[in-house]
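The values are calculated or read from the model by the stated rules, or taken from the named source; none is laboratory data. None of the values given here were measured: they were computed from a predicted structure. No Cβ is skipped: glycine too gets one built from the backbone with ideal geometry, and neighbour counts run over all protein chains shown.
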Amino acid sequence: MNSRPLISVAVCTFNRADRLVLALDGLRQQSLPVEQFEVLVVDNASTDHTKAVCDRYLTEMPNLRYLYEPVKGLSKARNTAIAHSQADYIAYLDDDAIPAPAWVQAIVETFSTVEPAPVSVGGPIYPLWEIPKPVWVHKYMEGVFTILDCGNEPMWFKKNQFPYGANMAYHKPSLEAAGSFSEKLGRQGKNLLSHEEYLLNLTLEQQGGRFYYNPKAAVQHWVPKERIDPHWLIRRSYWQGRSEALVEQIMGKTRTHQRWASLRELANLKRLVAQVLPDPQIRVTTRARLAWSWGYFAQVWFNPST
């Protein structure tokens, strides 16, 4: 590419070469001219054939760059993309997501036309269920599966509501000024510690940044069968509880306040009673909330360091 791109698209990947192919195919079919955006694939120490896939696409996509990041961790990989980005905006796409043809163009147009200028742009994340969606998946639990649908009209996200990590874009100078992604958080192998983007978004919001939803900036996101299981949901919810407690600690909430909050959460008798109700949605949803409460409790009582 001979000119500076308008936006960088970062795809951080770890051992998902077969899904990465579909993400790259989607990026190859974007409506925005190829010379106006770059694609950065950050290989986070994969041991499958990710490198071979990228080598093949390098011959087909003149705007593609392959980056190898040996230090494992999603936050580390995301920060590597920031360091190598050549544009004023950076969009993150999960390696198991497929962007709509107008995805990049919709993000660029939002940043350039919406007033006041948003610090971040996100859009819908529609699920691609590997097996049929089970009856126990309640609408209120869809966020755990990275499902986001705020409707068909563009709008500002409400306070403390943000785009999800599978489909989010930022004004890069603002991102860097906020400290980028905390490497104390974020996936590391099978560790489900998360909320690194939540911490970043809270920081950006405190600094006056606003977040915009554009329904045209849509992606489809793979939900593998091993995640469509109550046991995975419980484990994920537990780690989300730990993650949220850690974010609060980093943001300055006192240990005393957190510990009282953790006890109130666990003392919710309605959730315990719900475990014997016949409705599977209620049972699984409340069980997931109990797991979140135990994760929060464990973080504030037994993991004091941040």
Hits in the range 204-223 - residues which are surrounded by 19 or more Cβ atoms within 10 Å (Cβ to Cβ) and over 15 Å from I147 (Cβ atoms): L204, E205, G209, F211, Y212, N214, A217
Test for L93: is it modelled with pLDDT under 95 and either surrounded by 15 or more Cβ atoms within 10 Å (Cβ to Cβ) or farther than 27 Å from V223 by Cα (or both): no
Would you please name the residue that is farthest from E109 (Cα to Cα), looking only at residues in the range 23-75 that are of a type in the set (S, T, N, Q) and surrounded by fewer than 16 Cβ atoms within 10 Å (Cβ to Cβ)? T47
Can you run down the residue pairs with Cβ atoms below 9 Å, 6 or more apart or on separate chains, where the first is in the range 251-270 and free of Cβ contacts under 8 Å to residues at least 24 places away in the same chain and the partner is assigned to a helix (DSSP H, G or I) and exposed (fewer than 14 other Cβ atoms within 10 Å of the Cβ)? none
Please enumerate the residues belonging to the range 58-81 that are among the acidic types (D, E) and modelled with pLDDT of 95 or more. E69
Out of everything in the range 125-166 that is of a type in the set (A, V, I, L, M) and under 18 Å from the mean Cα position of the chain (by Cα), what residue ends up being farthest from N201 (Cα to Cα)? L128
Just give me the residues in the range 224-234 being surrounded by fewer than 20 Cβ atoms within 10 Å (Cβ to Cβ) and either touching a residue at least 40 places away in the same chain (Cβ under 8 Å) or within 16 Å of the chain's Cα centre (by Cα) (or both), in sequence order. P224, K225, R227, I228, P230, I234
What do you reckon, is E183 part of a helix (DSSP H, G or I) and either in contact with a Lys or Arg (Cβ under 6 Å, 6 or more places away or on another chain) or not aliphatic (A, V, I, L, M) (or both)? no
